[in-house]
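The values are calculated or read from the model by the stated rules, or taken from the named source; none is laboratory data. What you are looking at is a predicted structure, and each value in this text was computed from that prediction instead of being measured. When we count neighbours, we look across all protein chains shown, and the Cβ atoms used for this are built from the backbone with ideal geometry, even at glycine. Surface areas here come from the heavy atoms of the whole protein model, side chains and all, with no ligands, DNA or RNA. Shrake-Rupley method; radii C 1.70, N 1.55, O 1.52, S 1.80 Å.
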Protein chains: 2
Amino acid sequence: MPSSPRRSPASAHPRVPRRDWDADGLAAGVRAGDRRALARAITLVEARDPLAYEVVRALYPDTGSAYAVGLTGPPGVGKSSLVATLLRELRRDGRSVGVLSVDPTSPFTNGALLGDRIRLTDHFLDPEVFIRSMGTRGHLGGLSEATLQSMLVLDAAGKDVILVETVGIGQSEVGVLGSADTVVLVLMPGSGDAIQALKAGVMEIPDVIAINKRNHPAAKTLLQELRSTLVLERNGWTIPIVLTEAVEEAGIDELWAAVEAHRAFLEASGELERARRRRLGAEVFALASARAKTHLERAVAGDPELARLLADVEERRLDPLSAVQEVLERVFRIEGSDGRA
Amino acid sequence: MPSSPRRSPASAHPRVPRRDWDADGLAAGVRAGDRRALARAITLVEARDPLAYEVVRALYPDTGSAYAVGLTGPPGVGKSSLVATLLRELRRDGRSVGVLSVDPTSPFTNGALLGDRIRLTDHFLDPEVFIRSMGTRGHLGGLSEATLQSMLVLDAAGKDVILVETVGIGQSEVGVLGSADTVVLVLMPGSGDAIQALKAGVMEIPDVIAINKRNHPAAKTLLQELRSTLVLERNGWTIPIVLTEAVEEAGIDELWAAVEAHRAFLEASGELERARRRRLGAEVFALASARAKTHLERAVAGDPELARLLADVEERRLDPLSAVQEVLERVFRIEGSDGRA
């Protein structure tokens with residue numbers, strides 16, 4: 001792995017008092033890799049502050065250099081530990097890294113992982129690392145939006161790699177993983193449901209599979225099961241399965257090599273650029289849908305006429321889809337005499 | 001279980017040629033329990049035919065008597081077999097039953113379950129049973145809509161019980177299970193991911209848990225694990241865990257007794273009615289959101305101006321959220337100078 005930090009460290013950028021930051025100042029700070037500007041920008045993104053939209057708008061032309069890796073899998077398989085270990089490995093290699101955790105079960109929030117072995121607090125002073133646990137209380141739509149915006153900010157800040165951790169047990173987390181270039185599915189012995197979901201086609205086959213807790217007696221059995229039951233090939237890419245053990249930092253080189261191999265594969269065919277374009281389009285559509293939903297929610301909450309409609313449905317005077325039709329006509333002026341919006 | 005078929009069998013209703021059915025005729029046929037009218041109405045619902053909306057509108061005042069039970073769980077745990085066995089049990093007891101399968105992995109479509117032991121085809125001639133596997137290719141939104149509408153049709157047709165089978169491995173399938181009075185989560189030894197998801201609060205605790213494949217050596221261990229690690233109480237209801245073995249028809253009485261106990265609990269407190277009202281409201285909102293999304297998709301597909309916007313995003317001339325804002329203004333006339341719709 002070649003060492004390639006793309007920008008000067010934070011110390012090169014002059015400090016600006018927090019209250020004075022405007023969009024241009026924040027964008028300049030982020031571009032220069034200023035840690036506080038970065039933290040502030042992402043906080044504003046999470047708060048859906050109007051300023052955040054201006055900052056991201058200003059930064060957007062500077063994005064596109066970071067490589068985004070999504071790590072997903074059931075709770076309890078050690079995704080966070082794997083992310084922490086990958087982070088160390090990437091830092092040893094001179095890469096700057098942004099970490100976003102959108103897993104409500106992640107221990108990233110309290111900064112203590114693997115007891116004393118890998119303390120994330122070690123990285124909190126490293127200007128080339130930025131870690132943020134995204135709030136997961138809101139809508140998935142709002143969360144996808146905040147995650148995408150935060151990834152763009154980290155990208156513009158010159159991070160070489162962005163790691164996104166998210167919990168997933170079946171249906172693909174399209175929203176949050178929609179911007180990842182490589183998706184790593186983390187499993188462990190005992191992940192029977194996820195394997196059934198993969199076999200049944202309910203869960204999409206990822207780009208790379210990591211079997212964590214490789215010292216577990218059933219790890220090799222799981223490896224054999226995956227190899228014998230799944231079609232581990234997609235559009236010419238053979239999905240590698242890597243055995244890891246985050247606590248011992250074992251298999252991390254191999255895992256990263258698998259990610260790099262996937263990247264090289266995508267780049268060689270021009271697919272990286274094409275996939276990014278497709279995903280950006282899909283993202284715009286998904287975010288617009290999520291916003292339309294939020295708009296609808298607010299409209300229904302504040303409109304006594306719409307509240308009356310719901311009461312009619314509850315009392316079986318008006319059927320649900322006729323109510324839906326009336327709501328849509330009222331809120332979005334969508335009409336459709338055949339009942340289809 | 002008291003025997004209580006609410007309406008006369010299909011043979012009482014005069015046959016009408018298929019092509020001549022209009023909304024009133026179809027609604028009358030469904031109300032009378034005519035099997036062909038029922039099949040036709042649900043086919044129209046699945047096809048999103050305008051006639052279907054009229055039929056459901058006409059039938060809606062006649063709904064509210066059926067009890068809806070959702071069975072969810074990871075693929076491979078035997079949900080379909082459990083549904084088939086429950087169906088037999090309910091028929092022995094004189095209940096009329098509607099079955100909707102919205103699980104893409106369900107074997108219901110080919111009518112052969114458990115080899116020769118329980119042949120669903122036996123029920124295909126039973127006028128008190130109606131089984132339909134819902135297509136799962138479309139949007140989740142469209143599927144939820146078709147499922148809700150089909151449940152209303154089955155309800156108006158006088159079915160005592162409606163069983164809805166759906167695949168779920170983590171995040172709750174709010175859309176499809178949104179109309180179920182009692183949700184049964186089916187697990188088996190090896191469902192480690194689902195249990196982690198329950199523990200972590202990523203998956204909602206259901207109303208009843210069934211551990212299928214109870215003859216498996218680890219079934220008792222799973223039972224103990226669930227009992228010792230989950231909070232099996234919610235608003236005064238203690239979540240029962242039942243051990244079943246669908247192939248041997250073992251534990252099915254206990255499972256149905258648990259569902260009936262939950263129903264009695266909901267009815268005693270008046271919560272059944274309140275929960276149904278809440279769910280209907282939520283359903284209207286969810287369906288309106290899904291429709292708004294479909295509308296958006298069609299609008300974007302057909303509008304060269306919107307296609308140009310997406311191209312600008314892909315070429316990094318316009319940031320994604322500015323594009324979202326423009327799309328929303330154009331399609332729904334939603335405005336928001338702060339970038340929030």
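Below, the figures for the structure above:
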{"read-out": "Solvent-accessible heavy-atom area per residue, rounded to whole Å², over the stretch B:275-325 at 1.4 Å", "value": "40 Å²"}
{"read-out": "Shape parameters for the stretch A:190-341, alpha-carbon atoms, Rg then Dmax in Å", "value": "24.2, 64"}
{"read-out": "Efficiency of FRET between residue B:221 and residue B:333 - r from beta-carbon atoms, R0 60 angstrom, step 0.05", "value": "0.55"}
{"read-out": "Pairwise burial A:B, computed as accessible area of each alone minus the pair, summed, 1.4 Å, Å²", "value": "6400 Å²"}
{"read-out": "Copy-to-copy label separations for residue B:260, where each label sits 7 Å from Cα toward Cβ, in nm and ascending", "value": "6.5"}
{"read-out": "5 angstrom amide H check on residue B:130, placed H, neighbours 5+ away", "value": "B:97, B:98, B:99"}
{"read-out": "Pairwise label distance in nanometres, residue B:299 with residue A:65, each label 7 Å out on the Cα-Cβ vector", "value": "3.8 nm"}
{"read-out": "List of the stretch A:259-282 residues, accessible area with partners at least 40 Å² below that of the chain alone (1.4 Å probe)", "value": "A:277, A:280"}
{"read-out": "Potential lengthening between residue A:273 and residue A:22 on full extension [0.36 nm per residue; Cα-Cα distance subtracted]", "value": "87.1 nm"}
{"read-out": "Note, ³J(HN,Hα) from phi for the stretch A:62-74, Karplus 6.51, -1.76, 1.60, rounded to Hz, x at Gly and Pro", "value": "8, 9, x, 9, 6, 9, 9, 10, x, 10, 10, x, x"}
{"read-out": "Gyration tensor (alpha-carbon) shape descriptor, the stretch A:269-341, a/c threshold 1.5", "value": "prolate"}
{"read-out": "The stretch A:220-265 - accessible surface per residue (Å², probe 1.4 Å)", "value": "49 Å²"}
{"read-out": "Average partner coverage of A:45-55, which counts Cβ from other chains inside 10 Å", "value": "3"}
